[in-house]
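Participant: Have a look at this one.
The values are calculated or read from the model by the stated rules, or taken from the named source; none is laboratory data. No experiment lies behind these values; they were computed from the predicted model shown. As a convention, Cβ positions derive from the backbone with ideal geometry for all residues, glycine included, and neighbour counts pool all protein chains shown. Note: accessible area is taken over every heavy atom of the protein model, side chains too, but ligands, DNA and RNA are not part of it. Shrake-Rupley method; radii C 1.70, N 1.55, O 1.52, S 1.80 Å.
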Amino acid sequence: AQSVSQHNHHVILSEAASLELGCNYSYGGTVNLFWYVQYPGQHLQLLLKYFSGDPLVKGIKGFEAEFIKSKFSFNLRKPSVQWSDTAEYFCAVKGVGGKLIFGQGTELSVKP
Amino acid sequence: GAGVSQSPRYKVAKRGQDVALRCDPISGHVSLFWYQQALGQGPEFLTYFQNEAQLDKSGLPSDRFFAERPEGSVSTLKIQRTQQEDSAVYLCASNAEKVRSTDTQYFGPGTRLTVL
């Protein structure tokens with residue numbers, strides 16, 4: 001069965017620190033991968049997505065993610081976080097029929 | 001334009017009551033998805049519509065859950081005889097066309113259901 005694992009449940013960083021959130025997926029076919037973000041009190045928003053081509057994907061607000069097929073990974077990175085990045089981050093893979101299969105999420109807290 | 005909207009935003013039900021949750025997708029969007037998000041978890045797929053056709057209902061947890069989209073726009077998720085384990089946030093998402101690989105799903109704010 002398709003699945004997504006996010007190993008960091010809660011990450012606490014100080015402003016200007018670098019961020020890397022892990023995401024591993026289990027799916028043998030062509031993968032479409034996503035990172036969504038949910039800011040406090042807001043709905044899920046797309047940060048970035050990978051479908052094909054350059055495995056290094058750039059998204060909004062300075063986020064990027066790298067697809068490493070051999071490691072079944074799609075880790076999210078940002079070189080310098082801000083307090084406003086405090087949110088919950090979800091990795092997802094598109095499954096059969098177009099449904100999204102999500103990881104359990106990583107809560108990021110950035111201390112000012 | 002307007003995003004995906006859902007109503008009500010919050011719903012408290014007594015165990016055994018029936019509830020109906022509404023989703024208004026982005027105008028013209030063909031595909032509509034429902035997800036259930038339990039506390040501390042990621043969203044889990046419930047069901048999928050393409051226009052008015054329900055093409056996948058494999059994620060519905062029991063026959064108490066029923067969804068419809070009769071005119072291919074607004075959708076309703078109905079839960080009969082609610083149980084405490086139904087407490088969760090119910091998310092609706094839509095995308096513009098049939099589910100091609102490059103489509104993005106746009107999410108609504110969710111309905112938080114609490115069953116007492």
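Participant: Within a Cβ distance under 13 Å of A:Leu21, other residues only, what is the Lys/Arg minus Asp/Glu net charge?
Facilitator: After counting each charged neighbour, the total is -4.
Participant: Would you mind calculating the relative contact order of chain A from Cα pairs under 8 angstrom and at least 6 residues apart, reporting the percent as a whole number?
Facilitator: Computed value for chain A: 37 percent relative contact order.
Participant: Same structure again: Quote the relative contact order of the stretch B:5-115 in percent (integer), defining contacts as alpha-carbon pairs under 8 Å separated by 6+ residues.
Facilitator: That works out to 36 percent.
Participant: Here's another thing I want to ask about it. Sort the following peptides by mean Cβ neighbour count (other Cβ atoms within 10 Å, averaged over residues), highest first: A:85-96, A:11-22.
Facilitator: Answer by packing, highest mean first, reads A:85-96, A:11-22.
Participant: Enter the accessible area per residue of the stretch B:5-115 (Å², integer; probe 1.4 Å; all protein chains in place).
Facilitator: About 48 Å² of surface per residue is accessible.
Participant: If you don't mind, there's one more thing I want to ask. Can you compute the modelled spin-label distance between A:Glu66 and B:Lys57, with each label point 7 Å from Cα toward Cβ, in nm?
Facilitator: In this crude label model, A:Glu66 to B:Lys57 measures out at 4.6 nm.
Participant: Using only the alpha-carbon atoms of the protein assembly as shown, report the extent along each of the three principal axes, biggest first, to the nearest angstrom.
Facilitator: 48, 36, 36
Participant: Let me ask something additional. Ballpark to the nearest 100 Å², how much total accessible area do A and B bury together, probe 1.4 Å?
Facilitator: It comes to approximately 1500 Å² buried between A and B.
Participant: Count the lysine pairs in chain A that are 8 or more places apart or on different chains: how many have C-alpha atoms under 28 angstrom apart?
Facilitator: Lysine pairs, 8 or more places apart or on different chains, close enough: 28.
Participant: Kirkwood Rh over Cα pairs of the stretch A:47-112 into Stokes-Einstein at 25 °C, 0.890 mPa s: D in µm²/s?
Facilitator: In µm²/s, the coefficient rounds to 186.
Participant: Regarding chain A, what are the three Cα extents along the principal axes, ordered largest first, in Å?
Facilitator: Computed over chain A, the largest-to-smallest principal extents equal 42, 27, 21 Å.
Participant: Whenever you get a sec, compute what percent of the accessible area on the protein assembly as shown sits on carbon and sulfur atoms (1.4 Å probe).
Facilitator: So the carbon and sulfur contribution to the accessible surface is 49 percent.
Participant: Output the residues of the stretch A:22-51 meeting this criterion: accessible area (heavy atoms, 1.4 Å probe) in the chain alone minus accessible area with all protein chains in place is 50 Å² or greater.
Facilitator: Correct list: A:His43, A:Leu44.
Participant: If you project the alpha carbons of the stretch B:5-115 onto their three principal axes, what span does each projection cover, largest first, in Å?
Facilitator: Result, largest extent first: 39, 28, 23 Å.
Participant: Heavy-atom accessible area per residue, the stretch A:3-111, 1.4 Å probe: how many Å²?
Facilitator: Per residue, the stretch A:3-111 has an accessible area of 45 Å².
Participant: What is the count of Lys pairs in the stretch B:5-115 whose alpha carbons sit under 22 Å apart, if the two are 8 or more places apart or on different chains?
Facilitator: The result is 4.
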